[in-house]
Amino acid sequence: MPRISQMFIGTAVIYVIIGMLGGIIMGAKQDFSLAPAHAHLNLIGWVSLALMGFYYNANPAKAESRLALIQFWISTIGLWIMIPGLVLTLRGAPAGEPIVILGSLITLIGMILFATAIFRKTPSLR
Ligand code: HEM
């Protein structure tokens, strides 16, 4: 498996473990106020990033590109900013809103870069 795929899937599985623990804590406390943060951590952090990892695994020439590495870090940093911002917002802290907006925009740029990686022509490895 290319290193970039290992990075995507290896970090994604950590996010889903954190997300599942959060889900269990929500259920145990019967406090579902952080459900949107749980959902976004799982769906962006686990589902989307793992899918990206599998895509690069299926396209080794693209996995070697600099764009793939840049895209990994943009998507990762976006998530790292977005989720705490979402938690703050859901907890009612006004400071959370600009953070979640910034994180969301960076996350969107990560997905646009992923689209660019998909549609960009790359030389075949063979
Ligand atoms: C141990 C595993 C998990 C537990 C215990 C768990 C628990 C929960 C709980 C308690 C809620 C709130 C339900 C409510 O508001 O009534 C929830 C919502 C949700 N979960 Fe999970 N979850 C788990 C894994 C996942 C995974 C892996 C995903 C996605 C890949 C996911 C996606 C969602 C979504 C989309 C919602 C709805 C959020 C919303 O309504 O704002 N969950 N989960």
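The table below gives the values:
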quantity	calculated
Residue in the range 35-51 that is more than 14 Å from the chain's Cα centre (by Cα), closer than 19 Å to LEU88 by Cβ and either at pLDDT below 95 or surrounded by fewer than 18 Cβ atoms within 10 Å (Cβ to Cβ) (or both) present	yes
Check on MET20, at pLDDT 95 or above, surrounded by 15 or more Cβ atoms within 10 Å (Cβ to Cβ) and part of a helix (DSSP H, G or I)	no
Answer from ALA50, ALA61, ALA68 - the residue that is within 16 Å of the ligand (Cβ to nearest atom), touching a residue at least 40 places away in the same chain (Cβ under 8 Å) and over 24 Å from GLY96 (Cα atoms)	ALA50
Single unsatisfied condition, LEU43 versus (1) within 26 Å of PHE119 (Cβ to Cβ); (2) of a type outside the set (S, T, N, Q); (3) away from the ligand (no atom under 16 Å from the Cβ)	(3)
Test result for VAL13, near the ligand (Cβ under 9 Å from one of its atoms), among the β-branched types (Val, Ile, Thr) and under 30 Å from ALA63 (Cβ atoms)	no
Enumeration of residues in the range 18-30 that are more than 9 Å from the ligand (Cβ to nearest atom) and either among the charged types (D, E, K, R) or in contact with a Phe, Trp or Tyr (Cβ under 9 Å, 6 or more places away or on another chain) (or both)	LYS29
Cβ-Cβ under 9 Å pairs, at least 6 apart or on other chains, the range 28-46 side more than 19 Å from GLN6 (Cα to Cα), far side within 9 Å of the ligand (Cβ to nearest atom) and in a loop (DSSP other than H, G, I, E, B)	HIS38/PHE32
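The values are calculated or read from the model by the stated rules, or taken from the named source; none is laboratory data. Bear in mind the structure is a predicted one, so any value in this text is a computation, not a measurement. Cβ coordinates were reconstructed from backbone atoms using ideal geometry, including for glycine residues, and neighbour counts include every protein chain displayed.
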